[in-house]
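The values are calculated or read from the model by the stated rules, or taken from the named source; none is laboratory data. Since the structure is predicted, the reported quantities are computational estimates derived from the model, not experimental observations. Please note: Cβ atoms are built from the backbone with ideal geometry, for glycine as well, and neighbour counts cover all protein chains shown. Ligands, DNA and RNA are excluded from the accessible area calculation, which covers all protein heavy atoms including side chains. Shrake-Rupley method; radii C 1.70, N 1.55, O 1.52, S 1.80 Å.
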Amino acid sequence: MTIVGAGLVGALLATLLAQRGFAVTVYERRPDPRIAGYAGGRSINLALAERGLHGLRLAGMKDVVMKLAVMMRGRMVHHRDGHTELLRYGRDDSEVIWSVSRGRLNIALIDAAERAGARFEFDRRLTGATFGDDVALRFENEAGVAGEAHVPFAIGADGAGSALRAAMNAYTPLGERIEPLGHGYKELEIPAASGASRFAIEPNALHIWPRGNYMCIALPNAEGSFTVTLFLPNEGDPSFATVDSPAAARRLFERDFADALPLIPDLEADFAANPVGMLATLHLDRWHIDGRALLVGDAAHAIGPFHGQGMNCGFEDAVELADLFAAGADDAGAVFAEFERRRRPNAEAIAAMALENYVEMRDSVAEPAFLLRRELGRMLAARNPDRFVPRYSLVTFTRMPYAEAFARGAAQERVLRALTEGRRRIGEIDLAAADARVRAELAPLAS
Ligand code: FAD
């Protein structure tokens, strides 16, 4: 098994395949992060949820990773007037998400893959591939020295800018469409505090400063700091076109994120040093060519980060692919086709839900009509747990296929909108009639 890319998905896939007895080689562009230090490039930490945890559990990694993780119970909303409110994600602490360091998680996964028998070739950047009787992969190292490998098939886990995808697309068009989100992001830092609690603000929450068309978020790191991400449109005011200097960033924070400003002592330096990350959704009509090459993770379906599901979705890919290979590795073409058939509709669904969640995070969480629907949704879920589960919970705390969660969420939203139309307070809603409507319109969920 040849994998290109030892990022989060490539390293988990290598572990799962090696644990199932396959001989695995992984080619990675970067030097070994355990020796050279982790060169991440984007989002210092990420939110891990049930789908990702499931993959880590199967790889025997859950306990290792949990030691690196900080629990997040809900969204801590920072309103303009400075007051904060915690909107819980789930029913209780059994339904939470976890903030983990990308670098530590990646290194733990590379270690696990090696322990399982996978072989890593670092400092090997894929520069091209040709698809003949076998697959010829061409590499270059940092010193510019070229090399080649001939393999029966290759799996591309080389991220959103996948070089394997480019080579496949040149060989046979994959129907690639890149949909820019029109928004970018910049990372800043709230350093660890010196007091008894190492955290300057509530550690067990994902902090959000929703401001309409833009927002800031902050996720905790185990040693006490928070990684802050400022999301802004690329054009308009404010945008990365107008907030284009450290001084402009300070003015934006003074006006819109006043309670965050004193927590970010190096705002200007962070703003100057860190690049603006671009965001886009990648759609492909095909993820594979015959039995010769397959794309997984961001290489196949990069999505917006607003549901915190890109890695979680990629980990589901890794589990699905390892299971399919374990069931019948002889026919790679059949495995790849079945993998695409099962996963592509789900990747499309989470891409759409991630975009919807951006609007929810930056805007709706501060809107009364949204908060009323949310409150009613939680009441209906408590009263009808077999029929009504908020979509966020289906995506985050279950492994229901994303496409099903998407459809179910739409049906539930229709019920909520009908029940709250023209209402301002929960007391104005007849809950018995609401229950009857839920029973009439929403079939019971499988357990
Ligand atoms: P990557 O992590 O990009 O790894 C690709 C690997 O391939 C890298 O190691 C790279 O060096 C290597 N590579 C690249 N090109 C070559 C080449 N030519 N030759 C050899 N090797 C190569 N997801 C979540 O689940 N939760 C979150 O909270 C979350 N937050 C995010 C926040 C931001 C700002 C962003 C941008 C993304 C976020 N994501 C989140 C998404 C998540 O980062 C990705 O879905 C995940 O990293 C995908 O993993 P991957 O292994 O497919 O790709």
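Summarise the accessible area of region 172-228 (1.4 Å probe, protein heavy atoms) by the percent that is carbon and sulfur. Mind dumping the intermediate values first?
Working: 1100 of 2070 Å².
Taking all protein chains in place, region 172-228 shows 53 percent carbon and sulfur surface.
Quick one: in region 1-114, what % of C-alpha pairs are over 24 Å apart? If you can, show how the numbers build up before the last one.
Working: 2278 of 6441 pairs.
Tail fraction, whole percent: 35.
Ignoring everything except DSSP H segments at least 4 long, calculate the 222 nm mean residue ellipticity for the chain; use -39,500 (n - 2.57) per segment, divide by total residues, nearest 500. Walk me through the numbers before you get to the answer.
Working: 15 runs with 178 residues, N = 447.
Using -39500 (n - 2.57) per qualifying helix, the result is -12500 deg cm²/dmol.
Mind ordering 430-437, 153-160 by average Cβ neighbours within 10 Å, highest first? Walk me through the numbers on the way to the answer.
Values: 430-437: 13.2, 153-160: 26.4.
So the peptides 430-437, 153-160, ranked by packing, come out 153-160, 430-437.
Within 10 Å, count the other beta carbons around each residue, average over each peptide in 325-334, 179-188, and list them highest first.
Details: 325-334: 13.5, 179-188: 18.3.
Output ranking for 325-334, 179-188: 179-188, 325-334.
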The chain -> Rg/Rh from Cα coords, Kirkwood Rh, value 0.98
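Share of antiparallel DSSP beta bridges in the chain, in percent to the nearest 5?
Around 75 percent of the beta bridges assigned by DSSP in the chain are antiparallel ones.
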Nearest 10, in degrees from 0 to 90: the angle of helix 8-19 to the longest Cα principal axis of the chain is 60 degrees
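Please sort 356-368, 138-150, 281-293 by packing, taking for each peptide the average over its residues of neighbouring beta carbons within 10 angstrom, highest first.
281-293, 356-368, 138-150
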Taking Cα atoms, the helix 102-116 axis meets the longest principal axis of the chain at an angle in degrees (rounded to 10) of 40 degrees
To the nearest 10 degrees, the tilt of helix 368-383 (Cα long axis) against the first principal axis of the alpha carbons of the chain is 80 degrees
With every protein chain kept in place and a 1.4 Å probe, the chain has an accessible area per residue in Å² of 42 Å²
